[in-house]
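> One structure is given below, represented as structure tokens, and several questions about it will come after.
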Amino acid sequence: MNVVEYTHTLTPLARNFDCGNPYLNLFLRSPDALNSSIGKTYVYLTEANDCILGYYNISAGSVDQLENGFRVKSGGAIHIGYFALDERAQHQFQGQMPDGTNLYLGDYLLIECLDRIEQIREGFVGAAVVTLASSEAGEHLYRKHDFLDLDDDLTFSLSEGEGECIPLYLPLDY
Amino acid sequence: MNYTVPYNGTFCSKKKILKKRVPSKEAMEIRNYCLSHPLSASKSTDGKIVFKIQGPGEK
């Protein structure tokens, strides 16, 4: 897969990206997608680098325990803040494993994203879990890849716009 | 630095993340398949995206 860090030279391609969710489209078109204070954005491109098929944004975070009204850090996290695929590309992709299991573009991009997180964890930043706040539309994909509901006494910080989403996490230790 | 919290025998929080990752059979199979069958995509002249799932070792 041709997944690269999103840079200023790729921003003209964002105009044609449409995942069907205006909020996620807007993020990619905004300067925030290039802002390292918010996270790092990676884009999935065609081989000729002429079309963005998907993107995700990752940043450092933590999972906290609620203890007597205070938040106490339970473990470091890598947070997937944004994850989106172009709607037309999703419809044009048809994949199937030999046993008949359907494959989706989201499977490919999420596996690539999780591998990148593993590399970051091994080489650069310690973390216990991957966190994300899922929309209803994306929930099935994440659960298929073993993301879990947060325990009742655990929490993590949500970004603006994630308030209505479903908080999920994936432990990184086997 | 001036640490004033007494050491209580661990640098970890009282409640660590205890759950381990237990890959489901479905997730493992999809992951193995995707990693051994790379995906490439190109844009055709009519603007459609053409995907190609390559076989193991195929270039």
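The values are calculated or read from the model by the stated rules, or taken from the named source; none is laboratory data. All of these numbers come straight from a predicted model, not from anything done at the bench. With ideal geometry, Cβ positions are generated from the backbone for all residues, glycine too; neighbour counts draw on all protein chains shown. Calculation scope for accessible area: heavy atoms of the full protein, side chains included, ligands and nucleic acids excluded. Shrake-Rupley method; radii C 1.70, N 1.55, O 1.52, S 1.80 Å.
> Within the range A:138-155, take every residue that is of a type in the set (A, V, I, L, M, F, W, C) and free of Cβ contacts under 8 Å to residues at least 60 places away in the same chain and give me the one that is farthest from A:Leu105 (Cα to Cα).
The residue in question is A:Leu148.
> Now for a separate question. Being of a type outside the set (Phe, Trp, Tyr) and in contact with a Leu (Cβ under 8 Å, 6 or more places away or on another chain) is the filter; apply it to the range A:14-48 and report the residue that is farthest from B:Cys34 (Cα to Cα).
Checked the range A:14-48; the qualifying residue farthest from B:Cys34 (Cα to Cα) is A:Ala14.
> For the range A:146-164, what are the residues that are hydroxyl-bearing (Ser, Thr, Tyr) and farther than 9 Å from A:Ala133 by Cβ?
Answer for the range A:146-164, where residues must be hydroxyl-bearing (Ser, Thr, Tyr) and farther than 9 Å from A:Ala133 by Cβ: A:Thr155, A:Ser157.
> Among (1) within 23 Å of B:Asn32 (Cβ to Cβ); (2) in contact with a Leu (Cβ under 7 Å, 6 or more places away or on another chain); (3) open to solvent by 10 Å² or more (accessible area, probe 1.4 Å), where does A:Asp149 come up short?
Just one mismatch for A:Asp149, condition (1).
> Which of the residues that make up the range A:13-61 are away from chain B (no Cβ under 14 Å), of a type outside the set (Phe, Trp, Tyr) and assigned to a strand (DSSP E or B)?
A:Lys40, A:Thr41, A:Asn57, A:Ile58, A:Ser59, A:Ala60
> Please go through (1) surrounded by fewer than 21 Cβ atoms within 10 Å (Cβ to Cβ); (2) in contact with a His (Cβ under 8 Å, 6 or more places away or on another chain) for A:Gly39 and return the number of the only condition it doesn't satisfy.
In the conditions (1) surrounded by fewer than 21 Cβ atoms within 10 Å (Cβ to Cβ); (2) in contact with a His (Cβ under 8 Å, 6 or more places away or on another chain), A:Gly39 misses (1) alone.
> Can you tell which of A:Asp146, A:Asp152, A:Asp107 is over 22 Å from A:Ile38 (Cβ atoms) and over 20 Å from the mean Cα position of the chain (by Cα)?
Just a single option satisfies the conditions, and that option is A:Asp152.
> Please count how many residues of the range A:29-86 are in contact (Cβ under 8 Å) with a residue 24 or more places away in the chain and more than 30 Å from B:Thr10 (Cβ to Cβ).
27
> Among A:Val125, A:Val72, A:Val63, which is the only one that is over 18 Å from A:Met1 (Cβ atoms) and open to solvent by less than 10 Å² (accessible area, probe 1.4 Å)?
Criteria check complete, one pass: A:Val63.
> Take the range A:153-174 and flag every residue that is hydrophobic (A, V, I, L, M, F, W, C) and more than 7 Å from chain B (Cβ to nearest Cβ).
Correct list: A:Leu154, A:Phe156, A:Leu158, A:Cys165, A:Ile166, A:Leu168.
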